[in-house]
Amino acid sequence: MVVRRPPGRRAQILAVAADRFHRSGYHQVSMTEVAAGVGITAPALYRHFRGKPELLDRAVRLGLDALADGLRAAGATADLGAALAAVAVGHRPLGTLVQRDARLLPPARRAALRRELRADVAAMTAVLRAERPELPEPDVELLCWSALSACAGLSYQSAAPQPRRAEAVLREVVAAVLAVAFDGAGSGSGEGAAPAAVPGRQPRREELLAAAVRLFHERGFDNVSTDQLGAAVGISGPSVYRHFDSKAQLLAASLVRSRERLWHEVEGAISAAAGPEEALAAGLAAYVGFARRNGDYLGAMLSETERLAPPDRRVAVDFRRDFLRTWVGLLRRVRPEYDAAEARIRVHALFALVNDGVRNRPHSARPDLGDCLLRLARAVLGVS
């Protein structure tokens, strides 16, 4: 007797794998767990996919193919917004998979992924350039990358919002981002500019914390050895253990230190403001300034939180929720017509746009980046 596989089995496997990777992180998910989510055995899963790398690759490609199809049919900026919003909602794990997990793919596939993303942005820039021919090419590209990042922010919401509502809000966000003008950016007060580093040698423990955040962000926790950590601060690998009991403890401590600085700077700016509008403006300036100085932390927070021990991971997740709740509450005081769902979508879009903006070259090297990000942030929140 011939046993026939159910139609769409590969698509079902990819959907389950994408959801598991999205929720738990690539390293935390086994092929057995994916198979159980589909209702098949692990050997049966291997008849469809050779292993986790291929599963991740195919899951990312599925979302990017949908994005390319939508952008290919776009003839106006409104179409761009519709395409980006539809993919953000219909392939919600895609943002997390691309920004956090895709760096774990083999080098050839990572390079192909970058080419696909650049092709998507090129399709967007052609549409935007036709509607705004006065814009310089770097501005057009920054706007398009920012719109893409803002929509990817939906991937980081812990609970999926109502699909039609989320699409409507994201279409508004994309339209606002693509309408931003950078004329005169950098010529004003310089809000959000990254201050110069404070001179002087830091204690060895502080040097290790800074080096760890940078290396974990650049290479991933599993690809950084204690020898590399020690070499980054001029000591031997075993000497790292004079300061931290394990590499995992060093990761946890580096993220804790960065969170403390983020909260001190942003909450301090918000608390010192006279009213909601002033507090939101001060908070945005503080967050952009922090992000420009601490892009490594933002990257490590995004990619390595799942590598923390469970107690440390819970603390990190609780901090994110509290930080988000602060911003959602503040935004709703400034824009009371937003309900909680819309405010969350916009705040997540803000964080994704800024976090990507300070790390994605060549735009991260713009001398006016601070002012550009502030204008984009205000557009995303609808307070420009």
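The values are calculated or read from the model by the stated rules, or taken from the named source; none is laboratory data. None of the values given here were measured: they were computed from a predicted structure. For neighbour counting, all protein chains shown are included, and Cβ atoms are generated from backbone atoms with ideal geometry for every residue, glycine included. Protein only, heavy atoms only, side chains kept; ligands, DNA and RNA dropped before computing areas. Shrake-Rupley method; radii C 1.70, N 1.55, O 1.52, S 1.80 Å.
Worth pointing out:
- Odd one out for Ala73, checked against (1) open to solvent by less than 30 Å² (accessible area, probe 1.4 Å); (2) free of Cβ contacts under 8 Å to residues at least 12 places away in the same chain: (1)
- The condition of being at pLDDT 95 or above, farther than 17 Å from Gln12 by Cβ, open to solvent by 40 Å² or more (accessible area, probe 1.4 Å) and out of contact with any Phe, Trp or Tyr (no Cβ under 7 Å at 6 or more places or on another chain) holds for only one of Ala108, Ala78, Ala85, that being Ala78.
- Considering residues of segment 115-129 that are of a type outside the set (A, V, I, L, M, F, W, C) and out of contact with any helix residue (DSSP H, G or I) (no Cβ under 6 Å at 6 or more places or on another chain) only, the residue farthest from Ala152 (Cα to Cα): Arg115
- Total residues in segment 306-348, condition under 20 Å from Ala166 (Cβ atoms) and of a type in the set (Phe, Trp, Tyr): 2
- Scanning segment 111-147 for residues that are of a type outside the set (Gly, Ala, Ser), open to solvent by less than 40 Å² (accessible area, probe 1.4 Å) and under 30 Å from Lys52 (Cα atoms) gives Leu113, Leu117, Asp120, Val121.
- Among residues of segment 236-274 being outside any helix (DSSP H, G or I) and open to solvent by 20 Å² or more (accessible area, probe 1.4 Å), the one that is farthest from Phe351 (Cα to Cα) is Ser236.
- Conditions (1) open to solvent by less than 30 Å² (accessible area, probe 1.4 Å); (2) not in a helix (DSSP H, G or I); number of the one not met by Gly299: (2)
- Identity of the residue in segment 216-235, part of a helix (DSSP H, G or I), touching a residue at least 60 places away in the same chain (Cβ under 8 Å) and open to solvent by less than 50 Å² (accessible area, probe 1.4 Å), that ends up nearest to Arg307 (Cα to Cα): Phe221
- Residues within segment 7-28 that are on the phi < 0 side of the Ramachandran plot, open to solvent by less than 70 Å² (accessible area, probe 1.4 Å) and under 20 Å from the mean Cα position of the chain (by Cα), tallied: 8
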